[in-house]
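Note sheet for the following structure.
Derivation of every value follows stated rules applied to the coordinates shown; laboratory data play no part. These numbers come from a predicted model, not from an experiment. Positions of Cβ are generated from backbone atoms using ideal geometry, with glycine treated the same way; all protein chains shown enter the neighbour counts.
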Amino acid sequence: MTKGIESLARWGRKGCDSFESLGRAGIFLAQSAVAVPSREGLRLWLHQIYFVGVLSLAIVLVSGLFIGMVLALQGYTILVDFGAEQALGQMVALSLLRELAPVVAALLFAGRAGSALTAEIGLMKATEQLTSMEMIGVDPLRRIVAPRLWAGFVSLPVLTIGFSVVGIWGGYLVGVEWLGVFEGSYWSNMQASVSFLDDVGNGIIKSLVFALVVTWIAVFQGYDLVPTSEGISRATTRTVVYSSLAVLGLDFVLTVVMFGGLS
Amino acid sequence: MTDVPFVEIEDLHFTFGGREIFRGINMAIPHGRITAIMGPSGTGKTTLLKLIGGQLTPDSGRVLIDGQDVHRLSRKALFELRKRMGMLFQSGALFSDLDVFENVAFPLRVHTDLPEPMIRDLVLLKLQSVGLRGARALTPAELSGGMARRVALARAVALDPELILYDEPFVGQDPISMGVLVELIRRLSQALELTSIVVSHDIKETLSIADYVYLISDGKVVAEGTPKSLDTHADPRVSQFVHGEPDGPVPFHYPAPDFYSDILDDATASGGHP
């Protein structure tokens, strides 16, 4: 009996802890997102765009190319049975724009940039750099967190667009250049079926949501971690795990809202 | 120099991780003097500095700096107040992505609109005073612990603060730089009428520069007075600490069960490691 109550209490405590940490994360986001733009802030932001965005370009573009190529190859083998290989362009473009580009780019971004952000901020915390910044009278939320948060928010959608473009080109390489689908039908079917607002637009909205969530999780985990070597390693893992789950879960919700009504 | 307290600590209570660190601390730290806070390791001296700097919040009690209650200020007002303070961290806590010069220039760049040549002059002046003008291009990773602390001191006084908090400034210094540092803290305090709080357990050095000393142990102020009066203090705990005697009323060991029974206790029977 007491054992049951004890375990119930443990679950309750865990629930309370999770809610408390969610609350802290919310306050943290509110405090750091409202940074006043300044020339110095712009410089720090551009600097972070380089680290978070530009340095993630290679992995995102290479992955996009391969995913586009695989899509075309798999799609062709099925479509050709129905004599519908002219629809290859449409299939590749829609799968990339609506789903694969936002989701896979966000997952790669969480692994490549999110974990780095957590480790960097965490190490700053462990070596008292954040505390000493506070004592100098500079708010680390403004100086350290805000530029990283905004850099992630802007970088991921751009990376997602790059992912789609390279993926569609990869599909073209395999489908048209290698397997011999007629080039005209690859592009014209794509042009006829892809709606800019519904497909490109919704894909970008998805990636904006993922960008905010992944970067938020990454900087918060870094800022909130226990400043020991074990704490840093746990927080880095948490960043990747939480971000991936959040991206996949949110993707389902967003897809239902955006495309659920399409017949 | 006036005797109006610049920092006042009133009935401060603080618990951390289930352990009572402070049980009613009262201090009045006068303007323009060097006040030392001493005590054995683990008595929460660094914690006290963090409470003064507003990084930790006490369970009860107040910390007033120049009449302002540190823990009731808004986040913005607290950061404004901190511009008037400097803090020297035990680890130095230099920004690892900036070199020595930029570390010292950081407070000047963020809080002033001074032209570049003036920032350069100021930084070199501060670095000269800690003897590291030649090390301006090094990164923090290339510095020894003692050098990092001296750079951190130059950074802490870059804005000429009114209050400076030193956390164990003498640890890890070689005899030469120790002497220079002691002299530097004294000079800074006298020339700029700086209010200094030095947390340390280096008795000789600290007593040689302090105007007033608080001795804390077991969460309370056990003695206070001028260095001279402490030297001949009647309390055996005080004289044990001041004269560095291993045997006395202050235990060397962290609280633990009886050694003999602890050794004989079967580790597995008591549930493993503890």
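Brief remarks on what is shown
- For region B:1-62, chymotrypsin sites (Phe, Trp or Tyr not before Pro) meeting the loop criterion (DSSP other than H, G, I, E, B) and having at most 12 other Cβ atoms within 10 Å: none.
- Shown in residue order for region A:187-199 are the 3J(HN,Hα) couplings computed by the Karplus curve 6.51 cos²θ - 1.76 cosθ + 1.60 at θ = phi - 60°: 7, 6, 5, 5, 5, 6, 9, 8, 9, 5, 6, 6, 9 Hz (x for Gly and Pro).
- Förster radius 45 Å - calculated FRET efficiency between residue B:77 and residue B:243 (Cβ-Cβ, nearest 0.05): 0.55
- Overall form of region A:38-257 per C-alpha gyration tensor (a/c, 1.5; a/b vs b/c): prolate
- For residue B:221, distant residues with modelled amide H under 5 Å away: B:26
- Relative contact order of chain B, pairs being alpha-carbon contacts under 8 Å that are 6 or more residues apart, as %: 23
- Whole-Hz ³J(HN,Hα) from phi, Karplus 6.51 cos²θ - 1.76 cosθ + 1.60, for region B:146-151, glycine and proline x: x, 5, 4, 5, 5, 4
- Candidate lysines - alpha carbon under 18 Å from residue A:14, same-chain residues fewer than 8 apart omitted: A:3
- Residues in region A:124-141 carry Karplus couplings, in order, of 4, 5, 5, 8, 6, 5, 5, 5, 5, 5, 4, 6, 7, x, 10, 7, x, 5 Hz; the curve used is 6.51 cos²θ - 1.76 cosθ + 1.60 with θ = phi - 60°, and Gly or Pro positions show x.
- Crossing angle, helix B:175-192 versus chain B [Cα axis fit, 0-90 degrees, rounded to tens]: 70
- Simple spin-label estimate for residue A:182 and residue A:196 in nanometres, 7 Å along Cα-Cβ: 2.7
- At 1.567 mPa s and 4 °C, Stokes D of the protein assembly as shown from Kirkwood alpha-carbon radius, µm² per second: 47
- Acute angle (nearest 10 degrees) that the helix B:100-111 long axis makes with the longest principal axis of chain B, alpha-carbon atoms: 80
- All aspartates and glutamates inside 17 Å of residue B:228 as judged from Cα atoms, apart from same-chain residues fewer than 8 positions distant: B:202, B:205, B:211
- Averaged over peptide A:122-131, the number of partner chain Cβ atoms lying within 10 Å of each residue's Cβ comes to 4.
- Cross-link pairs exceeding 28 Å between alpha carbons, from the set A:125/B:45; B:126/B:220; B:45/B:204: B:126/B:220.
- Principal axes of region B:56-192: Cα extent on each, largest first, Å: 45, 37, 31
- Summarising the amide proton neighbourhood of residue B:84: residues at separation of 5 or more, or on other chains, whose placed amide H is nearer than 5 Å comprise an empty set.
- For residue B:83, a cut-off of 17 angstrom between C-alpha atoms picks up these lysines, skipping any fewer than 8 places away in its own chain: B:50.
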